[in-house]
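The values are calculated or read from the model by the stated rules, or taken from the named source; none is laboratory data. Small disclaimer: the values here were computed from a predicted structure and weren't measured. Backbone-built Cβ (ideal geometry, glycine too); neighbour counts: all protein chains shown.
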Amino acid sequence: MTAAPAIQLSRVSRVYSGSVSTVALKDLDLSVEAGGFVAVMGPSGSGKSTLLQLIGLLDAPSSGSVTVFGVDAASLSDRDASEFRARHIGFVFQAFHLLHSRTVLDNVLLPLKYSGVSSRGERDRRAIECLAQVGLADRSRSLPSELSGGEQQRVAIARALATGPSLLLCDEPTGNLDAETTERVLDVIDRIREWREVTVLVVTHDEHVSQRADRVIRLAARTQGQ
């Protein structure tokens, strides 16, 4: 029996209204199996970031359906969508978005606080475990400014994993990294997939990333009014 896909998009379009309508996505069908590593590539304006926002339930399609882990996004209220993201989806961005006045540990602890893990001991245990999985448990008391760019991105990955998501959405996660550091970050993602069976979807321009993915989806650029 075939398992249900982690992500299912059916004839999804997203049109932004203005003086001239902009079609970001048109009639897109997409299915991603649980545990897969998918790279999404394409030129600027092809809808890569829009696709990530739709799957992450940060935006809604103009038409079509988005289903994540069997849940139809259209059936969720704003509050339900926020709670679903907190439980099931982790986000990693090109800019690390770390709080530079707080330690590495404090940065990873933040989503655990907001997700309702009341015990400080439990939050610390889970945060240290996530840092260990990205190879940075020994830097938990450091400030982000004391880390390299690759180490900061690994902290961002640990933070995204802290709540135990089933889906990791990454928007150009290696865009600020050199080739060697990119490979190290991708090694971390591979280990996480093996340990946690996390589904990974990465928006990227980096061929190094696409070569490591199980599957590459290439989006074509669209023009205004198209």
Does any residue of the stretch 173-195 turn out to be of a type outside the set (S, T, N, Q), closer than 30 Å to residue 17 by Cβ and in contact with a strand residue (DSSP E or B) (Cβ under 7 Å, 6 or more places away or on another chain)?
no
Within the stretch 165-213, residues within 25 Å of residue 125 (Cα to Cα), in contact with a helix residue (DSSP H, G or I) (Cβ under 7 Å, 6 or more places away or on another chain) and not in a helix (DSSP H, G or I) come out as 165, 166, 167, 168, 169, 198, 200
Please verify whether the stretch 54-62 includes one or more residues that are touching a Gly at 6+ places or on another chain (Cβ under 8 Å), of a type in the set (Asp, Glu) and under 20 Å from residue 203 (Cα atoms).
no
Please state which of the following conditions residue 184 fails to meet, knowing it meets all the rest: (1) at pLDDT below 90; (2) crowded, with 23+ Cβ neighbours inside 10 Å; (3) more than 30 Å from residue 29 (Cβ to Cβ).
(2)
With respect to residue 85, is the statement that it is assigned to a helix (DSSP H, G or I) and under 19 Å from the mean Cα position of the chain (by Cα) true?
yes
Hey, residue 194 hits all of (1) free of Cβ contacts under 8 Å to residues at least 40 places away in the same chain; (2) surrounded by 13 or more Cβ atoms within 10 Å (Cβ to Cβ); (3) of a type outside the set (Gly, Ala, Ser) but one; which does it fall short on?
(2)
Are any of the residues in the stretch 92-105 crowded, with 17+ Cβ neighbours inside 10 Å, of a type outside the set (S, T, N, Q), farther than 24 Å from residue 49 by Cα and in contact (Cβ under 8 Å) with a residue 40 or more places away in the chain?
yes
I need a count of the residues in the stretch 116-159 that are hydroxyl-bearing (Ser, Thr, Tyr) and surrounded by 15 or more Cβ atoms within 10 Å (Cβ to Cβ).
2
So which pairs qualify, if the first residue must be in the stretch 138-164 and in a loop (DSSP other than H, G, I, E, B) and at pLDDT below 95, the second must be small (Gly, Ala, Ser) and surrounded by fewer than 23 Cβ atoms within 10 Å (Cβ to Cβ), the Cβ gap must be under 6 Å, and the two must be at least 6 apart or on different chains?
163/115
Does any residue of the stretch 20-32 turn out to be over 17 Å from the mean Cα position of the chain (by Cα), closer than 20 Å to residue 91 by Cβ and among the aliphatic types (A, V, I, L, M)?
yes
In the stretch 62-81, anything surrounded by 14 or more Cβ atoms within 10 Å (Cβ to Cβ) and under 25 Å from residue 109 (Cβ atoms) is listed as 81
